[in-house]
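Values in this text are rule-based calculations from the coordinates and carry no lab data. All values derive from a computational prediction rather than experimental measurement. Cβ placement follows ideal geometry from the backbone for every residue including glycine, while neighbour counts extend to all protein chains displayed.
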Amino acid sequence: MRFKVGICQFKPELMRIEKNLEKMESLLESVLADLIVLPELAASGYLFNSKEEVINIAEDSNNGPTATLFQKLAKQNNTSYVIGFAEKAENGIYNSSMLVNPDASIYIYRKTHLFYEEKKWFKAGDTGFKVFRAKNNVKVGLMICFDWIFPESARSLALAGAQIIAHSANLVLPWCQQAMLTRSLENGVFSATSNRTGKERNGDNVLDFTGMSQIVDTKGQIIHRMNKFEESVFVTEINPLKSEDKNITEFNNLFLDRRTELYRS
Ligand code: ACM
C-alpha cells in the first residue's frame, strides 16, 4: 500500500490566527499528499501569559477558523490533516489536535500530559489515546508534544492499532526527536513529528522552539528530518501496512512477548 505522509514546519505568530492560517494555506495549497501533520497550537502560537489570552484564541472544534480552513483544504486536495489547536469546550479549554478528513469528518484528541505552564491555561485531556481512520482507512494515532516522554502514550496508540503516530509539537526540550526513534522502534509504528520553529516572545518570556520535524519508520530510522529553522513541507511515500509486522526476530514479537503480569502500572 502506498501512502504519502507529510510534515509541515513553520513559525506561527502569537495570537494572530488569521495570519497563521493564511500562512499554512499558502504552504499547503499545492502540496499533494494523503496525510499531513502540522504543529501543536499551530494557529494561535504557544507562549501565553494569561487565561484571557487563551480564552481569546480558543476555537470551536467543528466550526472554528482552523476546522473551517482544514475542511476546505482536505476536500480541495483530497488530503487528511492533523493540526493542533486550542479547543473551546463546554467545560473548559483543551490543548487539542484534530484529524480532518476529505469527507469533512473531524476527530479530536485532547493532550494528556500538559507541559509546564500549560497547566495554568488548559484542562488535562480526557479523550485518552485513540486511533482514527484517515484517508484510505489508514489508522492514525494522535498524541501531542510532551506526551512523548511517557512511553505509555505511543504504546497505547500502537496497542489500539495505530499505523502512524501523528505527533503535533511545540518542542523546547532537546530530547524528543531522538526519543521518537525509540517510540517508533519499540512499537513498530511510523511516527510523524511536526514541530514549530522560531523564537516566541510575550512580555519578558521567551521560548526557542527546536524545529527538526521528522518522519520515522517502523524500525526507528529517520526517513527525513528538517533543520531547526526551516519553514517547509516534506512529503514521503510509506507503506502503512509495515506497521502490522511486530516481529523483531523469528522468536520475538513486540506485542506477544510483553509480560504484563510482571509490569507495574
Ligand atoms: C510541549 O509539550 N509543548 C513542550
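Meeting the requirement of 3 or more residues that are under 16 Å from residue 24 (Cα atoms), the strands (runs of 3 or more DSSP E) wholly within the range 67-112 are 80-89, 92-100.
In the range 166-179, the residues that are within 11 Å of the ligand (Cβ to nearest atom) reach residues that are in a loop (DSSP other than H, G, I, E, B) and aliphatic (A, V, I, L, M) with C-beta atoms within less than 7 angstrom, at least six apart or across chains, in these pairs: 168/38; 170/41. Do we have any residue at all in the range 120-133 that's basic (Lys, Arg), touching a residue at least 40 places away in the same chain (Cβ under 8 Å) and more than 19 Å from residue 41 (Cβ to Cβ)? There is no residue in the range 120-133 that is basic (Lys, Arg), touching a residue at least 40 places away in the same chain (Cβ under 8 Å) and more than 19 Å from residue 41 (Cβ to Cβ). Restricted to the range 36-73, and to residues there that are without any contact (Cβ under 8 Å) to a residue 12 or more places away in the chain and of a type outside the set (Asp, Glu), the residue that is surrounded by the fewest Cβ atoms within 10 Å (Cβ to Cβ) is 63. The number of residues in the range 189-206 being surrounded by 18 or more Cβ atoms within 10 Å (Cβ to Cβ), under 19 Å from residue 115 (Cα atoms) and not acidic (Asp, Glu) comes to 5. Inclusion of residue 157 among residues that are within 13 Å of the ligand (Cβ to nearest atom) and either at negative phi or in a helix (DSSP H, G or I) (or both) is not warranted. Which numbered condition in (1) in a loop (DSSP other than H, G, I, E, B); (2) among the hydrophobic types (A, V, I, L, M, F, W, C); (3) in contact with a strand residue (DSSP E or B) (Cβ under 6 Å, 6 or more places away or on another chain); (4) more than 25 Å from residue 116 (Cβ to Cβ) is the only one that residue 256 fails? Going through the list (1) in a loop (DSSP other than H, G, I, E, B); (2) among the hydrophobic types (A, V, I, L, M, F, W, C); (3) in contact with a strand residue (DSSP E or B) (Cβ under 6 Å, 6 or more places away or on another chain); (4) more than 25 Å from residue 116 (Cβ to Cβ), residue 256 breaks only (3).
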